[in-house]
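Worksheet for the structure shown next.
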Amino acid sequence: MPGLTKAQVKLVEAAEHSFGRIYAAQYGEQRWRDSLRPALLKNTRYAMLVNRYQAAEIPSGGVFAGDNDQENLQAIDFFPPPSDKRPSSAPSPDSTMNPQAPRLIAYKRGDLTDPSQQQQQQQLVSADEPFPAPQVTIAPDGSKRLTTHWNLDAASLLPVRLLNPVPGDKVLDLCAAPGGKSLALAQLLRPPTFDDPDVLSLAGGCLHSNEMDNARHKRLTANLETYLPLALLQRGEVKVLKLDGADPLAVLSLPHRAGGYDKVLLDAPCSSERHVLHAHARAQQAGKMADEMALWRSGQSKKTAKLQAALLMTALRAVKVGGRVVYATCSLSGEENDGVIEKGKELVQKDKKKLGAKWDVAVRKGVSVEEAEWLESNWAERTKHGWIVLPDHPSGGRWGPLFFAVLEKIPV
């Protein structure tokens, strides 16, 4: 590594060796070496979630360079009918035409593998090319409209899909910044008359999006104000909170207190190993040392998991009995994924003994066989308590990493 001292080289090599050893042990040495690590090192693939408060169709005009780019877009339907056997990229008639059906559709670029596209490949945009930056549209009269779309890893919408909010639900997004999942939640909370621009109500439900960090809280607030109709925030149907979700007393400061939410999404802060790998690769190319890898330690997941378990307990305390919590991370670590679910179950038992709590937690309750088959065929592999999306999944989607588990608060 030119430009680094011997001591720095030794430090980085030791961290990289420890990093590889940990995940080779978890996923198998051959898989880690031959498919998973190479897939993680590739550029992150993005999809586009259209802001349906702004428009019902794919953004056009200045958002895309030309018609060829739009021609290569493929819809990803997150609510396909259970009997639908078509590829996951095909939009289902039920969700695109039936106004009563949930609508959560993102768009990806095609892989250009269809022989009929061979002559157009020079004109069409690669599947790995980032989507254009979101834009705020301006009406002909000069008034400001809402932002067009949100660029994201398509797998990040799966926790929203499994949470399955419906109009009238009271929903808490406990670690919400920067706000992409809150935008998706808000779209599903809007009533079935979704395409009526005059219906700016969550039908008696609410969305409370929380972020404690000052900078991230400001960003979350700005994003929701830019993507969602101002009326939703002015009426308090959408609120941005600033609570320490890991505080055992945080639930007392929530607007609906303990047991007041129908559904809670916890997209927990995590080790983000793919980011570490990407930072390390960029630094190596430049003959430098990435702090992300140099400072990485095998024991840090244990510390992170302690924070995640505290957040999970707040989520479980906040949701009503019979309600649903979806826990998610972008970590590869089993300690931060299934391990946190196990720790959460242990803490619930302590609450029952110490505080006399009249509830327990069930894993995967309410996830149908058809939903599980759809997940495992198109997105993820099953873990002990949930699922994990990895970019070497046989479907070839190249999404993730993303772990998620579905929990239900049940009476005892």
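Couple of notes before you dig in:
- Residue that is farthest from ILE138 (Cα to Cα) [pool: residues in the stretch 240-253 that are in contact with a helix residue (DSSP H, G or I) (Cβ under 8 Å, 6 or more places away or on another chain) and either among the aromatic types (Phe, Trp, Tyr) or surrounded by fewer than 17 Cβ atoms within 10 Å (Cβ to Cβ) (or both)]: PRO248
Every residue, every condition in (1) of a type in the set (A, V, I, L, M, F, W, C); (2) closer than 18 Å to LYS181 by Cβ, yes or no:
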| position | (1), (2) |
| --- | --- |
| TYR327 | no, yes |
| TRP359 | yes, no |
| ALA372 | yes, no |
| GLU381 | no, no |
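- Residue within the stretch 45-61 that is closer than 30 Å to LEU295 by Cα, in a loop (DSSP other than H, G, I, E, B) and either open to solvent by 40 Å² or more (accessible area, probe 1.4 Å) or modelled with pLDDT of 70 or more (or both) present: yes
- Test for LYS353: is it without any contact (Cβ under 8 Å) to a residue 24 or more places away in the chain, farther than 19 Å from PHE404 by Cα and not small (Gly, Ala, Ser): yes
- Scanning the stretch 260-283 for residues that are among the small types (Gly, Ala, Ser), in contact (Cβ under 8 Å) with a residue 60 or more places away in the chain and more than 20 Å from VAL171 (Cβ to Cβ) returns SER271, ALA281.
- Selection count, the stretch 285-307, where residues are part of a helix (DSSP H, G or I) and open to solvent by 80 Å² or more (accessible area, probe 1.4 Å): 5
- In the stretch 383-412, residue surrounded by the most Cβ atoms within 10 Å (Cβ to Cβ) [restricted to those that are in a strand (DSSP E or B) and in contact with a Lys or Arg (Cβ under 6 Å, 6 or more places away or on another chain)]: VAL406
- Which numbered condition ALA380 misses (of (1) more than 30 Å from ARG109 (Cα to Cα); (2) crowded, with 22+ Cβ neighbours inside 10 Å; (3) among the aliphatic types (A, V, I, L, M)): (1)
- Any hit, the stretch 204-226, residues being in contact with a strand residue (DSSP E or B) (Cβ under 6 Å, 6 or more places away or on another chain), assigned to a strand (DSSP E or B) and open to solvent by 20 Å² or more (accessible area, probe 1.4 Å): no
- So PRO248, is it assigned to a loop (DSSP other than H, G, I, E, B), under 24 Å from the mean Cα position of the chain (by Cα) and not polar (S, T, N, Q): no
- Matching residues, the stretch 339-357, being open to solvent by 60 Å² or more (accessible area, probe 1.4 Å) and either in a loop (DSSP other than H, G, I, E, B) or not aliphatic (A, V, I, L, M) (or both): GLU342, LYS343, LYS345, GLU346, GLN349, LYS350, LYS353, LYS354
- Failed item in (1) at pLDDT 90 or above; (2) more than 15 Å from ARG398 (Cα to Cα); (3) in contact with a Gly (Cβ under 9 Å, 6 or more places away or on another chain); (4) of a type outside the set (S, T, N, Q), with LEU124 passing the rest: (1)
- Filter result for GLU336 (outside any loop (DSSP other than H, G, I, E, B) and either in contact with a His (Cβ under 6 Å, 6 or more places away or on another chain) or more than 16 Å from ASP247 (Cα to Cα) (or both)): no
- From the list LEU252, LEU266, the one residue that fits, being at pLDDT 95 or above and closer than 22 Å to ARG216 by Cα, is LEU266.
- A Cβ distance below 6 Å, combined with a sequence gap of six or more or placement on separate chains, defines the contacts here; from the stretch 18-42, residues that are farther than 19 Å from HIS278 by Cβ and assigned to a helix (DSSP H, G or I) reach residues that are at pLDDT 95 or above and open to solvent by less than 50 Å² (accessible area, probe 1.4 Å) in the pairs GLN26/GLY334.
- With respect to the conditions (1) open to solvent by 10 Å² or more (accessible area, probe 1.4 Å); (2) assigned to a loop (DSSP other than H, G, I, E, B); (3) of a type in the set (Asp, Glu), ASP360 falls short on a single one, namely (2).
The values are calculated or read from the model by the stated rules, or taken from the named source; none is laboratory data. Nothing here was measured: the structure is a model prediction, and the numbers come from that model. All Cβ positions, glycine included, derive from the backbone under ideal geometry; neighbour counts span all protein chains shown. Only protein heavy atoms, including side chains, enter the accessible area calculation; ligands, DNA and RNA are left aside. Shrake-Rupley method; radii C 1.70, N 1.55, O 1.52, S 1.80 Å.
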